[in-house]
1. When only C-alpha pairs under 8 Å and at least 6 residues apart count, what is the relative contact order of the chain, in percent?
2. For the chain, with all protein chains present and a 1.4 Å probe, just round the carbon and sulfur fraction of the accessible area to a whole percent.
3. Calculate for the chain the 222 nm mean residue ellipticity that helices alone would give, adding -39,500 (n - 2.57) per DSSP H run of length 4 or more and normalising by residue count, nearest 500 deg cm²/dmol.
4. Could you name the aspartates and glutamates in cross-link range of LYS136, using Cα to Cα under 20 Å and dropping any fewer than eight places away on the same chain?
5. Rounded to the nearest 20 Debye, what is the dipole magnitude of the chain about its Cα centre when Lys and Arg each give +1 and Asp and Glu each give -1 at the C-beta?
6. Using a probe radius of 1.4 Å on heavy atoms only, what accessible surface per residue do you get for the chain? Whole Å² is fine.
7. Going through the range 32-107, which trypsin sites (Lys or Arg not before Pro) have at most 13 other Cβ atoms within 10 Å and a DSSP loop state?
8. If you filter the range 81-130 for chymotrypsin sites (Phe, Trp or Tyr not before Pro), then keep DSSP loop positions with at most 10 other Cβ within 10 Å, what is left?
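The values are calculated or read from the model by the stated rules, or taken from the named source; none is laboratory data. No experiment lies behind these values; they were computed from the predicted model shown. So basically every Cβ, Gly included, is an ideal-geometry build from the backbone, and we count neighbours across all protein chains shown. Only protein heavy atoms, including side chains, enter the accessible area calculation; ligands, DNA and RNA are left aside. Shrake-Rupley method; radii C 1.70, N 1.55, O 1.52, S 1.80 Å.
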Amino acid sequence: MGAFSLILAVAPALVKRQPPAKKPDDLTSWPWIALAGAQFWNARELALRGRSGKTHTLRIDPVFTSEGVTSCREAALAGVGLTVLPRWMIEGDLREGNLLQVLPDWNPGDLPVHVIYAGHRLLPVRVSAFIDFAVKYFSKGGEGAIG
């Protein structure tokens, strides 16, 4: 149905303590915060796509692993490490300078979003309204927090 774009995000204080990152391999020595779980990706490898279409797989050794994107955001804000987060979730943090995007020419790709429901059942009005909203929102290329 749609997708959220993901970015590499880190606290400014951590950037100052790390060697400069000019290419993906420069990030292997940085501390990482990993999002893990069957619904996500491998917590030890991260595939990045360059603007040119080139792909690069990083092998990482996370210092913190969570199944919750909110806890990954909080850990990043605390300067624990570099992480992958949905852009919509941290737009305010980026604007305010609480988080920075690392290597903006490289990204982990998009996270697909699907609305799945038993179509043969009678849906509550609020569920039907949400589905209609989500379909319109993503068909316009929108990205952001829904609600």
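1. On the way: 244 pairs, mean separation 56.8, N = 147.
Relative contact order of the chain: 39 percent.
2. Details: 4640 of 8680 Å².
Of all accessible area on the chain, carbon and sulfur atoms account for 53 percent.
3. Taken over the chain, the calculation gives -8000 deg cm²/dmol.
4. Hits, sequence-local ones excluded: ASP110.
5. Numbers: 16 positive and 13 negative charges, 50 e Å.
Using Cβ point charges on Lys, Arg, Asp and Glu, the chain gives about 240 debye.
6. On the way: 8680 Å² over 147 residues.
Result: 59 Å² of accessible area for each residue.
7. Within the range 32-107, the qualifying trypsin sites (Lys or Arg not before Pro) (loop, at most 13 other Cβ atoms within 10 Å) are ARG51, LYS54.
8. Values: sites: TRP88, TRP106, TYR117, PHE130; in loops: TYR117.
Answer in residue order: no site qualifies.
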